[in-house]
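Note sheet for the following structure.
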Amino acid sequence: MKSVIFGTTTLAVAAGLGIYVWQAQNATAHPCGDTAVAGGAIGGPFELISETGETVTDADVITKPTLIYFGYTFCPDVCPLDTMRNAQAAYMLEDQGLDIGTVFISVDPPRDTVEVVRDFTDNFHEDMIGLTGTPEQVKAASQAYKTYYRAQEGDPEFYLVDHSTQTYLVFPETGFATFFRRDNSPEQVAETTACFIDQLA
Amino acid sequence: MTKLAALAFLTAIGTAASADMQIADIRAFETAPTAMAGGGFMQITNTGTTDDRLVAVEADFPRVELHSHDFDSEGIARMIHLEDGIAVPAGETVTLEPGGLHVMFMGLRGSPLVAGETVDATLIFEEAGPVPVTFDIVKRDMQHGHGHSEGHNH
């Protein structure tokens, strides 16, 4: 009996150690929280039209740690909520002395003109950049970030667009860092972003 | 404005009632100047004994629809036009709130929703009939889905 108990204890210790080692490895891989996924595959070059009407590339837009969201302005609920959340996270980080960018990329170029995306983004954060483009430019940017969008059938003025709701955190040098789901709070976004800034600084 | 004043006099702004329907927290968010759509929200309580259904909302916009959202496991949002309206069973409260059910005012066409102003509308119920309501247009940083209200005056 004694040896059985001993064996079990050893097993438990070993299992515990295994979990500890696994957690330690995991922590090394994702030190900033469980929203992190393996990098490299998401993001990359894009060419879009800025809210001042100029053609811009990812290098022009991502000049600091940046939160990127793909949405459309004819969307009275989800897109404003998510965009608002990102703006709040930016304000929270600003209060901590951390400067990040926020970007809204339209997936509805027929309706989201330069003026419309500019007004939409200014409503949430004075420094938020609104981007639109030709249908081809928007499609290429969306594909780079592996986002989905599809315009529903309907009236040309009133149609709805199905779309992904993740927000991406990207850095100028290293690119994609992590993504946020729409149920992440402004605090969670700010905290995780600050962690990545700390890591990559 | 006379009409608004009269409404304000008759019912406290933000609430409305018919025999069986109590409507509270009636609000819409301000929009950007060039926005083409805005969302309206409220809480509907059916105090009667008959199941009812909100079948339409009438307001002075090219189109007004009732919508809900569906989110799949990939995080893709699909907005759904509720052509059959929203069921309001007897004795129950249905909440139209950010991220869920909402009224969509479509085709603003240069007439954005401005905080401090109001939108007059009529809720059409299958049983209770028309119920006039007034949506208070509020700023987004006062009320949003995550429960924080620290304002930033940048």
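Results, tabulated for the structure shown:
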item	result
Qualifying residue in the stretch B:139-146 (condition: closer than 18 Å to residue A:123 by Cβ and at pLDDT 90 or above)	yes
Matching residues, the stretch A:115-129, being touching a Ser or Thr at 6+ places or on another chain (Cβ under 8 Å) and within 10 Å of chain B (Cβ to nearest Cβ)	A:115, A:116, A:117, A:118, A:119, A:120, A:121, A:123, A:124, A:125, A:127
In the stretch B:72-105, the residues that are on the phi > 0 side of the Ramachandran plot and at the interface with chain A (Cβ under 10 Å from one of its Cβ atoms)	B:75, B:99
Failed item in (1) over 14 Å from the mean Cα position of the chain (by Cα); (2) over 26 Å from residue A:54 (Cα atoms), with residue A:125 passing the rest	(2)
Any hit, the stretch A:137-147, residues being farther than 25 Å from residue B:78 by Cβ and more than 9 Å from every other protein chain (Cβ to nearest Cβ)	no
Total residues in the stretch A:60-112, condition in contact (Cβ under 8 Å) with a residue 60 or more places away in the chain, assigned to a loop (DSSP other than H, G, I, E, B) and either of a type in the set (Ser, Thr, Tyr) or more than 10 Å from every other protein chain (Cβ to nearest Cβ) (or both)	8
Residue selected from the stretch A:168-188 under the condition facing chain B (nearest Cβ under 10 Å) and surrounded by 18 or more Cβ atoms within 10 Å (Cβ to Cβ), by the criterion nearest to residue B:69 (Cα to Cα)	A:182
Every residue from the stretch A:114-153 that is of a type in the set (S, T, N, Q), buried (at least 18 other Cβ atoms within 10 Å of the Cβ), out of contact with any Phe, Trp or Tyr (no Cβ under 8 Å at 6 or more places or on another chain) and in a loop (DSSP other than H, G, I, E, B)	A:123
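The values are calculated or read from the model by the stated rules, or taken from the named source; none is laboratory data. Quantities reported herein were computed from a predicted structural model and do not represent experimental measurements. Cβ: placed from backbone, ideal geometry, glycine included. Neighbour counts: every protein chain shown.
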